[in-house]
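Readers should treat all values here as calculations from the given coordinates under stated rules, not as data from a laboratory. What you see is a predicted model; the values in this text were computed from it and never measured. With ideal geometry, Cβ positions are generated from the backbone for all residues, glycine too; neighbour counts draw on all protein chains shown.
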Amino acid sequence: MGLIASYRMRLRRRYWRLRALRRRRQLTVVKDRTRAISYGTILAFSTVRNERTRLPYFLEYYRKQGIDHFLFVDNDSVDGTREYLADQPDVSVWTTPDSYAKSAFGIDWLNWLMRSHGHGHWCLTVDVDEFLVYPFCDTRPLRALTDWLDASSIRSFGAMLLDMYPKGPVNAQPYREGQNPFEIAAWFDSGNYMFERNPRFGNLWIQGGIRARAFFADAPKKAPALNKVPLVKWRREFTYISSTHILLPRGLNLTYDPAGGEKTTGVLLHAKFLSLFVERAAEEAQRAEHYRAAGEYRAYADGLEGSDDLWCKWSERYINWRQLEILGLISKGNWA
């Protein structure tokens, strides 16, 4: 990268840090337990809105993996989400009624919280329907992964978003609070993925899977991005600039080997397509608070009826991380 391009990247990073600084005034603390954060604490960050039903399993899953403290921004929930989170002993929660879209879809709020509380910590940034799977996750806690990343001088860990869905109508099996969502959404597309290197930011842009197949078949390039960098050894000068798809400084996006080798990577099992989602898609399409004025959610609302079956004869039933490694969707790289 030339000097001018490098300077522009620094200006861009400064711009996003200033955005977070301004948006901090939109956050009102509900319960602040961040004094419990100490050296080596692994943190999770998330923005939520009306996710009360999903939260018990989400918290259980990541507690078992080794998350020590959760920091949530509640975007004006009305279903008890905020109150439920405030009662959890390992959760700090802030609330805001302000626009999700105008906060860069929650990134400004989370950038501020990570700057304030994440410096020097491994920080996992995920939505409540995203569940990190990494090599050896069935036998090694998240701290084993972060210790290895530290020892290898690796600052960020990449994971492809893997959309999961049920076999049969999406609303045929109602999701129960506290239930493992992958008892229902047990299937995924093992192929149909497109990879393209982004020359400006250095990340891999990944598209495809069920959303390209079922909702963007006529325009696959408009399908949602599936590349994410959810786990980062955070520093105050870092910033996300497009969900967890892109970070600055740009070196954090190099979670793959540009020479063609393999780096250790994971996936985020994405439990979007449950019975909860049919009504939610129509609501979010109307609110227009998501990316491209919620064009993605309009595609879901237009193309998804409760009786639709996203399963096809090429669908794979999820077993474990080793299956994903065989399929080339995950890699243990040099971590043995």
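The table that follows gives values for the structure above.
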read-out: Normalised contact order of the chain, rounded percent, pairs of Cα under 8 Å and 6 or more residues apart; value: 22 percent
read-out: Top of 86, 172, 219 by mean-square fluctuation, Gaussian network on the chain, Cα under 10 Å; value: 219
read-out: Exposed GluC sites (Glu not before Pro) absent - longest run of the chain, DSSP non-H/G/I/E/B, at most 14 other C-beta within 10 Å; value: 1-176
read-out: Among 309, 218, 189: highest mean-square fluctuation, GNM of the chain, C-alpha pairs under 10 Å; value: 218
read-out: Separation in nanometres of the label points that stand 7 Å from Cα toward Cβ, at residue 4 and residue 90; value: 5.1 nm
read-out: Charge dipole (region 3-326, unit charges on Cβ, about Cα centre) - positive-most of 168, 45, 202; value: 202
read-out: Positive minus negative residues near residue 117 (Lys, Arg vs Asp, Glu; Cβ under 11 Å); value: +3
read-out: Estimated [θ] at 222 nm from DSSP helical runs (n ≥ 4, -39500 (n - 2.57)) normalised by residues in the chain, nearest 500; value: -8500 deg cm²/dmol
read-out: Region 142-189: trypsin sites (Lys or Arg not before Pro) falling in loop per DSSP and having at most 15 other Cβ within 10 Å; value: 176
read-out: Cα-Cα over 23 Å, subset of 272/313; 221/272; 221/332; value: 221/332
read-out: Selected from 256, 39, 15 as most flexible by GNM, with the chain as the system and alpha-carbon contacts under 10 Å; value: 39
read-out: Rg and Dmax [Cα atoms of region 28-149; Å; Rg one decimal, Dmax integer]; value: 14.0, 41
read-out: If the convex hull is drawn through the Cα atoms of region 57-114, its volume per residue in Å³; value: 93 Å³
read-out: Cα gyration tensor shape for region 3-326, rounded if a/c is under 1.5, else prolate or oblate; value: rounded
read-out: ³J(HN,Hα) computed for each position of region 85-94 - Karplus, 6.51 cos²θ - 1.76 cosθ + 1.60, integer Hz, glycine/proline x; value: 5, 4, 7, 7, x, 10, 10, 10, 9, 10
